[in-house]
Structures are given as C-alpha cells and as structure tokens.
Amino acid sequence: MRRRNWDQLAAGVSLLLLVALAAGTWYLALQSARNDARGRPRAPAGEPDYFLDEAVFTRINVHGDPVYRISAEHLLHYPEDGTSVYRAPVLVSVDPAQPRVTVRADQGRSNADGSQTVLTGNVVLVRAPTAEEPRMTIHTEKVTIYSDTQLAQSDQAVRIERGTSVLTGVGMEFDNAARSLKVDSQVKYTWQPPQTSR
C-alpha cells in the first residue's frame, strides 16, 4: 500500500513537471516572437534601409505580363512609405501592343507599389517610330509616369519634336495606350512638311 502511494505521488509530480515545462516553453516562444518583432534593426527615420547600384526592375501587370522596365545607376529605398529614389533612371515600356517609350532623367522617385514614378531634371521621353507615325521626343524638367494607365503628365514647359515638326507649351498629358498628346497652354507649333525624295 505504501509503495502504491509513492508511485502515485511520483506520477503526479512528473505530470506537474511536464505541464510546467510545456507552459514555460510556450511563454518563452511567445516572448521571443515579441522581442523579435521589436528588436529588428530599423533604419532611423528619414534614412534608407537599403541601396542598390546598377539596379534593374521589371514591373508586371495583374496577368503577369511585363509592363515596363526601370533601371538606375543608384537606388535608395525608404521603409517609412516604401518609396524608391533613383539616380539617372531609365524607364522603358515593354508592352508589345504599344510603341516603345523610353524615358530618361537625372532623378526619380517611385511610390511603394511602383504605379507612380516622378522623374525630374533633363527629362527626355522618346516614343519609337511606327509605320504610321514618326519618332516623337518630349523634353521637360518634370514628368509623372502612371504605369497602370501608360500616362505621362507634366505641368512644366515642354518641347515636343515629332518628325521634323516642333511644338512647345506648358503642361502636357501623353497617353501611350491611346496614342494621344494634349498640351495645356502657351502652345506654339512649327510644322515642317515631311522630306520627299526627288
């Protein structure tokens, strides 16, 4: 009888130790996860969390098709709002259904999902020629590119060269999908007839 009581006591103590061990393990795992989330190194406010040299990215649409490619000499990423800042960015549209458009600038900044990119400083947008339309080049100091709609907008002075003709003005909207161009104000147009072979 005495031995049986001892066995029951030993089994009870063993069970209590196992419960305590399981509870302690669960508590330590919970604390570790909390500390991990708090203890991750973060960049100070206003500081980038990473940078890349000679960066190249391709943005794809909801169907998984490439929409445009962006490259830059140098990229900084800011964790607070997810923006990326570029030095010497080059955007190239890669939609085979539309004329190829290449945009170059001194600097650029994209929002977190890459749907909006603002390019500044010596911006040059070139739409490749097609069978129906000549090459078009737009010069300005600032342009906002909306990749989802293939729009380029500027509120700055623009110079547009289409073939041998030149149009200048202030503010513009270029829609590559619709192949349309609108200039807002102070429009001046110099038309040169296309050269014909004799």
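Since every read-out is calculated from the coordinates, none of them should be taken as a lab result. These numbers come from a predicted model, not from an experiment. So basically every Cβ, Gly included, is an ideal-geometry build from the backbone, and we count neighbours across all protein chains shown.
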Residue 95-residue 139 FRET efficiency (beta carbon distance; Förster radius 25 Å; 0.05 resolution):
0.60
Counting C-alpha atoms alone, how compact is the stretch 96-173: give Rg to one decimal and Dmax as a whole number, in angstrom.
12.6, 39
Inter-probe distance in nm under a simple model that places probes 7 Å from Cα toward Cβ, at residue 164 and residue 50
5.2
Of the trypsin sites (Lys or Arg not before Pro) in the stretch 48-135, those whose Cβ has at most 16 other Cβ within 10 Å and which sit in DSSP loop:
100, 135
